[in-house]
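The values are calculated or read from the model by the stated rules, or taken from the named source; none is laboratory data. Note that the structure is a prediction, hence the values are computed from the model and not measured. Backbone-built Cβ (ideal geometry, glycine too); neighbour counts: all protein chains shown. To get the accessible areas, we keep the full protein, side chains included, count just its heavy atoms, and leave off ligands, DNA and RNA. Shrake-Rupley method; radii C 1.70, N 1.55, O 1.52, S 1.80 Å.
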Amino acid sequence: MRSDSSTERANRRRLALLALLHRRPHSYDELIAALDKDGLFSYDHASEAAVIARQQYYQFRNDIQALHRLSCDIRCDRRSRCYIWHNSPFGLALTQGQLTTFALLLNTFNETKMIHADEIKALLNYFVEQLPPEQQKQLARHRYPFSIDLHETTDYHNADAYNIQRIELAIERSQQLKFSYRSLREGKEHVHIVEPQPLVFELGHVYLIGWSPEYGKTLRFRLDYILPGSAEVLPTRIAQSRPSPVSYVLRYKLSPVIARNGVSQHFVDQLVDMHADGSATVTASITDLFDARRILLSYGENCTVLEPPKLVKQMRTVAADFSKKYLTLDE
């Protein structure tokens, strides 16, 4: 048999077909183009395009039928119009520990509302499809002894896709970003130009953090407060270095109710000094007074801020405002 006989070429074409489908689902056109590029179809190159296409179709159909006879479960998904190899022996096979961890990931991101939720789910579902049928059944009936609550307080399903694409493009290209932002404090719209850092998901929201040349400091913006369609990538490149932000020495005391069983680490390199009565004094270096105030207010009456003076003044203002509001309520 010649090495390039029609039978030999068909066998090589079918192996190539399996290799393509093992990597990911493919449309009919993608498969035909890839196989034809490698010269795996048998036809007269002088023929008309319609004749060649028909010959490629017949050979492809015969390949699928031949692979079915070898128990390869290859089917075309009606929704995606892609061919999928459902029982590839080269798919995933997880240990029980890995399967339990994978189930935790599925449970965590199954109903997520953060940006890129669809992409995350698609990736996880792709891995599910690579598992043996028995392991897929185990995932379906798995009980979760542990769960992760992302505490999503904002639904980003309908987030402005244009803004997200522009913001991420500016971050990837290290270029300045221009956008309009609606301030909650003033209720006004303001145009900002920043040198963006990667988007971060924190405490239920997605934030854009960036250096503002106008304000001369790093600012934080909630993604959902950026006006739809306003994000614009500027040609100006991000500076290689910026002045270090102003830092403060933070010191606060926690009551025994909070500190007796240990102190949570909210700040990098914080130092904790435990006292005989079970209380604790925490010292740390910070650059964001707003963030520190938000964290420490969550302790309520069990936290006393000792320094910096600027934060102490802010906490006094908050305490006075609370007192004024609650004293006016009927007992």
Practice prompt. Sum up the charges of everything whose Cβ sits under 14 Å from the Cβ of GLN65, counting Lys and Arg as +1 and Asp and Glu as -1, but leave GLN65 out.
Written response: +3
Item to complete: Output the relative contact order of the chain, whole-number percent, from Cα pairs under 8 angstrom with separation of 6+ residues.
Response: 10
Discussion item. Could you work out what % of the accessible surface of region 18-65 is carbon and sulfur, using a 1.4 angstrom probe and leaving DNA, RNA and ligands out of the count?
Written reply: 51
Worksheet item: What chymotrypsin sites (Phe, Trp or Tyr not before Pro) does region 124-214 have in DSSP loop regions with at most 16 other beta carbons within 10 Å?
Response: PHE146
Worksheet entry | Over the chain, equivalent-ellipsoid semi-axes from the Cα gyration tensor in Å | 58, 28, 18
Worksheet item: Dipole of the chain (Lys/Arg Cβ +1, Asp/Glu Cβ -1, origin at the Cα centre): which of CYS82, THR304, ALA292 lies farthest to the positive side?
Response: CYS82
Practice prompt. Anything over 27 Å Cα to Cα? Flag those among LYS121/LYS188; LYS217/LYS310; LYS253/LYS324; LYS37/LYS121; LYS121/LYS217, in the order listed.
Written response: LYS121/LYS188; LYS37/LYS121; LYS121/LYS217
Practice prompt. Would you check the accessible area of SER174, probe 1.4 Å, heavy atoms only, in square angstrom rounded to 10?
Written response: 50
Discussion item. Quick check for you: with a 1.4 Å probe and neighbouring chains kept, what is the accessible area per residue of the chain, in Å²?
Written reply: 65
Fill in: Relative contact order, percent, region 44-88 [alpha-carbon distance under 8 Å, six or more residues apart]
22
Item to complete: Report the relative contact order of region 1-97, percent, no decimals, based on alpha-carbon pairs under 8 angstrom and at least 6 residues apart.
Response: 30
Response to the item:
Largest-first ranking of VAL272, VAL318 by accessible area, probe 1.4 Å, whole protein assembly kept, is VAL272, VAL318
Worksheet item: What trypsin sites (Lys or Arg not before Pro) in region 231-331 are in a loop by DSSP, with at most 15 other Cβ atoms within 10 Å of the Cβ?
Response: ARG260
Worksheet item: Restricting attention to region 68-165, which GluC sites (Glu not before Pro) occupy a DSSP loop and are surrounded by at most 13 other Cβ atoms within 10 Å?
Response: GLU111
Item to complete: Give the shape of region 235-331 as rounded, prolate or oblate, defined through the alpha-carbon gyration tensor: a ≥ b ≥ c are the square roots of its eigenvalues, a/c under 1.5 means rounded, and otherwise the shape is prolate if a/b is larger than b/c and oblate if not.
Response: oblate
Worksheet item: Considering only protein heavy atoms and a 1.4 Å probe, what is the carbon-and-sulfur percentage of the accessible area of region 175-331?
Response: 53
Worksheet item: What's the percent breakdown of Cα-Cα distances in region 69-115 across 5 Å bins, shortest bin first?
Response: 5, 16, 13, 14, 17, 24, 9, 2, 1
Discussion item. If the reach is capped at under 22 angstrom between alpha carbons, list the lysines near LYS325, excluding any in the same chain fewer than eight residues apart.
Written reply: LYS313
